[in-house]
Amino acid sequence: MMKIFRVLKRGYCISYAILDNNVIRLDEDPIKALIRYSENKEVLGDKVVGLNYEELLTKFQIGDLRITKPLDPPEVWGSGISYEMARERYSEENVAKIMGKTIYERVYDAVRPEIFFKATSNRCVGHGEAIVIRSDSEWTLPEPELAVVLDSSGRILGYTIMDDVSARDIEADNPLYLPQSKIYYGSCAFGPFIVTSDEIGNPYNLDITLRIIREGKVFYEGSVNTSKMRRKIEEQIEYLIRDNPIPDGTILTTGTAIVPGRDKGLKHGDVVEISISKIGTLITPVIKSERKLK
């Protein structure tokens, strides 16, 4: 069993692995370490170091060390409407219909799942780092999801927590605006760990909990178990890699079932907490972008 996390020290990333409750500093890229581990090869790293990662998880920074996203994914993809609750909540809105059904109802019942491009590494943030509300959005929601790290063949190397932050007002206005709703700086948070499959066991029995904290109080809370996932992870991966080569370290996030209403949209100063059993808790503050079109 292995967990991988990273810290920033004076602007440089340092990768660590937790093996047998010991912390080792990695001598290789975390994606390569995950591949080596999956092949039952020795992970390359220094001897055990005395880093207090548990304190980093609560304080985010100790001295000149600050926790950050656990790896740099070359690509991040998403899958949507993989839970019944998402279909129901999204269909409550005034959205596009085809032959009498909303686009969300149709994709839920269709053979082909929704697969979309989400982010590159420079658009992602990690534990303790800020997610962003677009300057032109008045209704942005967190989307708490189980995500998988893949190699180029689609094999699962590990699991993590992801927040697929979405400008729901932009998405609901027109389905052609989905990329603008989904893809922008600070729209994707994941971490604090990448956890190997042997630590997860059954991915279809994990509890996911979302909390939005506003002014020190719980403003919203919701939860679901991954047993409610209709679109299985294997099916989502199969469609992702169909005629679409992906690089090692690609992340696929597998959809949400926790959809706060319009009155529960994020505001500047909020804090989002997403917990998934056997992985941990991802905590991110929220900021509103002040960029304006000229």
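The values are calculated or read from the model by the stated rules, or taken from the named source; none is laboratory data. On a predicted model such as this, the values are computed, not experimentally measured, just so you know. When we count neighbours, we look across all protein chains shown, and the Cβ atoms used for this are built from the backbone with ideal geometry, even at glycine. Remember, those area values only see protein heavy atoms, side chains included, never the ligands or the DNA or RNA. Shrake-Rupley method; radii C 1.70, N 1.55, O 1.52, S 1.80 Å.
Structure notes:
- At R0 = 22 Å, FRET efficiency that the Cβ-Cβ distance of ASP263 and SER223 yields, to 0.05: 0.70
- Judged by the mean number of other Cβ atoms found within 10 Å, the most tightly packed of the peptides 39-46, 254-261 leads the ranking 254-261, 39-46.
- Working value for the chain: equivalent-ellipsoid semi-axes of 31, 23, 17 Å, each the square root of 5 times a Cα gyration tensor eigenvalue, largest first.
- Accessible surface, per residue, of the stretch 221-294 when the full set of protein chains is kept, probe 1.4 Å, Å²: 51 Å²
- Global geometry of the stretch 211-294, whether rounded, prolate or oblate, following the gyration tensor of its Cα atoms and the 1.5 cut on a/c: oblate
- Fully extending the segment from ILE14 to ILE62, taken as 0.36 nm per residue of separation minus the present Cα-Cα distance, adds 15.9 nm.
- Here LYS47 is the anchor, and the lysines within straight C-alpha reach of less than 20 Å, apart from those fewer than 8 places off in the same chain, are LYS3, LYS9, LYS32.
- Candidate cross-link partners of LYS288 among the lysines, defined by an alpha-carbon separation under 23 Å and a same-chain spacing of 8 or more, comprise LYS59, LYS69, LYS118, LYS182, LYS217, LYS264, LYS267.
- Order by protection proxy (mean Cβ within 10 Å, highest first), peptides 212-225, 146-159, 102-115, 23-36: 146-159, 23-36, 102-115, 212-225
- Convex hull of the stretch 24-86 built on C-alpha atoms - directionally averaged projected area, nm²: 7.3 nm²
- Magnitude of the charge dipole for the stretch 151-251, about its Cα centre and with charges confined to Cβ atoms of Lys, Arg (+1) and Asp, Glu (-1), is about 280 debye.
- Overall, the anisotropy analysis places the stretch 105-198 in the oblate class: the square-rooted eigenvalues a ≥ b ≥ c of its C-alpha gyration tensor yield a/c not less than 1.5, with a/b not exceeding b/c.
- Helix-only CD estimate at 222 nm, as mean residue ellipticity for the chain, using -39500 (n - 2.57) per DSSP H run (n ≥ 4): -4500 deg cm²/dmol
- Of the three principal axes defined by the Cα atoms of the stretch 184-234, the extents in descending order read 38, 25, 22 Å.
- Alpha carbon centroid spacing (whole Å) that separates the stretch 175-205 from the stretch 26-45: 22 Å
- The chain - share of DSSP beta bridges that are antiparallel (%, nearest 5): 90 percent
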